[in-house]
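The values are calculated or read from the model by the stated rules, or taken from the named source; none is laboratory data. Note that the coordinates shown come from a computational prediction; the quantities given were computed from them, not determined experimentally. Note: ideal-geometry Cβ built from the backbone for every residue, glycine included; neighbour counts use all protein chains shown.
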Amino acid sequence: MPADFDTIVNLAKKRGFVFQSSEIYGGLRSAYDYGPLGVELLRNVKDQWWRFMVQMRDDVVGIDSAILQSPEVWFASGHVDSFSDPLVECKECNARHRLDKLADTNTCPTCGKRGTFTEPKEFNLMFKTHMGPVETEENQIWLRPETAQGIFINFANVQRTARMKLPFGIAQIGKSFRNEITPGQFVFRTREFEQMEMEYFCHPNDAADKFQEWIETRQAWYLDLGMTADNLRLREHEAEELAHYAAGTYDVEYLFPWGWDELEGIANRTDFDLKAHIERSGEDLTYFDQETNERFVPFVIEPAGGATRTTFAFLIDAYTEEEVNSESRVVLKLDPRLSPVKVAVLPLSKKPDLVETTKRVADSIRGRWQIEVDITQSIGRRYRRQDEIGTPFCVTVDFDSLDDNQVTVRDRDTMAQDRIPIENLETYLADRLPR
Ligand code: GAP
């Protein structure tokens, strides 16, 4: 049963996960700011992706390429000609819609009138800007609409300097920009967002196997981080929905409150991009296999996910309402690796010696985890707040702590409490908080 959309959005706003961009000026549609908890959750999602995709593998290295690239990149990649969505405008109410996303292509969902659409026109999604002080056509550039091209244009640089042998991957996390016709569903579809992409280069004969491998590997990542298996599925693209560069694509989809929708695409991009850059740049982006004496253009398998969108999905998936002792509580059952705050340290009361010990305990573990100290309100309310933001452990300093140097550790999910000597606290938590 998917969580209610408004409930999640309200929690995200109320607790400081996500704010509307430029809120004090009435808000800028389809751009969002991540607050103190949101930035931690987003960083944890990206860190887990990097750990899984780069750190834990010896066949993948990372890169951080510029958002601004030569316009030639986008001519070569086909984005100037083909990165567009079909746009229609309602002649009655002037609302603009993406034709391929309309349930009924003859009825305007804004005003309900039939047969009022203009002829569809292809609308290019790339944001234009100018480089330098003169706004001429030669100075026009685009903000990148995907991080992938920054990888393709550095294929030879990375392969040579990191001495990589096929098959190998280059991973990147970073911002991308698309002038979406219909942004919406909170941070699901925005005009500025973050992607987590990896281009896996291989011999053309290996592409089919590697495609299958990455489809399985990527699903395993979501499941390992605790996403509900019933809320995940794989969907193969129909021929007509394939991107201009793809020979085949599977989407990992999540059951969002509005239905199944895309989390990540895993595509077989063949040798499309490297060939296109070889042709336009005149540079040699082929690979020479010294064992077989063969020179060829590698094929590419691309798992491409959205960091901001995935963060939203983890938030939705973790949201739980449950009854405890005939009272309802809201808990974000996030995997502890994703939780924004790992440990809350709470004095039982505001008495100065309790607060002082609380700060000392917090400081002793602060270097290792994201810690929050909260001294306001009743202890029950403070536990509830930590449950609501997904904090796996609350450490309570009480009056006995001053004498016996022990604290109580409360588990978010079971609510079981353990009494632990302060000197053993770090080890106790380390055993229960995986990296
Ligand atoms: N390099 C391939 C590529 O960019 P894509 O399917 O267009 O493929 C990959 O994008 C992922 O980026 C999507 O699965 C989604 O998670 C994320 N994404 C794409 N457009 C987005 C948007 N407007 N807002 C938020 N995330 C977006």
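Some values worked out for this structure:
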| quantity | calculated |
| --- | --- |
| Residue match in region 280-288 (condition: within 15 Å of the ligand (Cβ to nearest atom) and modelled with pLDDT of 95 or more) | no |
| Residue identified as on the phi < 0 side of the Ramachandran plot and modelled with pLDDT under 95 among Arg382, Arg435, Arg360 | Arg435 |
| Residue within region 141-148 that is among the hydroxyl-bearing types (Ser, Thr, Tyr) and modelled with pLDDT of 95 or more present | yes |
| Residue list for region 136-149, filter: within 11 Å of the ligand (Cβ to nearest atom), assigned to a helix (DSSP H, G or I) and touching a strand residue (DSSP E or B) at 6+ places or on another chain (Cβ under 6 Å) | Ala148 |
| Matching residues, region 138-169, being charged (D, E, K, R) and surrounded by fewer than 19 Cβ atoms within 10 Å (Cβ to Cβ) | Glu138, Arg160, Arg163, Lys165 |
| Number of positions in region 89-99 that are in a strand (DSSP E or B) and within 13 Å of Glu180 (Cα to Cα) | 3 |
| Set Asp374, Asp387, Asp317: member being farther than 30 Å from Glu253 by Cα, surrounded by 12 or more Cβ atoms within 10 Å (Cβ to Cβ) and of a type in the set (D, E, K, R) | Asp374 |
| Count of region 390-425 residues which are surrounded by 13 or more Cβ atoms within 10 Å (Cβ to Cβ), part of a helix (DSSP H, G or I) and acidic (Asp, Glu) | 1 |
| Residue among His244, His277 that alone is surrounded by 16 or more Cβ atoms within 10 Å (Cβ to Cβ), in contact (Cβ under 8 Å) with a residue 12 or more places away in the chain and more than 28 Å from Lys13 (Cβ to Cβ) | His277 |
| Unique match (being at pLDDT below 95 and either assigned to a helix (DSSP H, G or I) or charged (D, E, K, R) (or both)) among Arg57, Arg29, Arg51 | Arg29 |
| Residue within region 100-112 that is modelled with pLDDT under 95 and part of a helix (DSSP H, G or I) present | yes |
| Any hit, region 267-275, residues being more than 15 Å from the ligand (Cβ to nearest atom), within 19 Å of Ala156 (Cβ to Cβ) and among the β-branched types (Val, Ile, Thr) | no |
| Filter pass, Glu264 being modelled with pLDDT of 95 or more, over 16 Å from the mean Cα position of the chain (by Cα) and assigned by TED's automatic domain parsing to the domain that holds Met56 | no |
